[in-house]
């Protein structure tokens, strides 16, 4: 079903553990610390597939898990190649996940938002 005036969308969430550190605005470098991160991704389309889906929840969640598993395996996300030239902030982490996941989606599906919580009440996001 194609409807150019409306969007269909789904969201999945996943939790994972990963460590990081950042340089604060005053130049102080935080000690490395761990978070139990929660990521929520939102995808949208104007056209459902032949099964009436934006994309299968299980497939989308599997891709999110595969991406975050890489960061969980690192001693610190700061050491991951995706952070070679950017600070390991929540905002940049959301951008990295967005960039990696966008490459996996079918052409008709758009990743519109990656929201990332590092702690309750502390979240960042990247959206297009």
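So the values come out like this:
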| item | result |
| --- | --- |
| Selection from the range 75-103 of residues that are outside any helix (DSSP H, G or I), surrounded by fewer than 16 Cβ atoms within 10 Å (Cβ to Cβ) and without any contact (Cβ under 8 Å) to a residue 60 or more places away in the chain | 75, 84, 85, 86, 103 |
| Matching option when the condition is in contact with a strand residue (DSSP E or B) (Cβ under 8 Å, 6 or more places away or on another chain), within 15 Å of residue 19 (Cβ to Cβ) and in a strand (DSSP E or B), among 116, 111 | 116 |
| Checking residue 27 against (1) farther than 16 Å from residue 92 by Cβ; (2) in contact with a strand residue (DSSP E or B) (Cβ under 9 Å, 6 or more places away or on another chain), the condition it does not meet | (2) |
| Pair list, Cβ under 6 Å, 6 or more apart: the range 43-71 residue assigned to a helix (DSSP H, G or I), other residue at pLDDT below 95 | none |
| Candidate set: the range 1-42, residues that are farther than 27 Å from residue 77 by Cβ and in a strand (DSSP E or B); chosen: the one modelled with the lowest pLDDT | 2 |
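The values are calculated or read from the model by the stated rules, or taken from the named source; none is laboratory data. Note that the structure is a prediction, hence the values are computed from the model and not measured. All Cβ positions, even for glycine, are placed from backbone atoms using ideal geometry, and neighbour counts span all protein chains on display.
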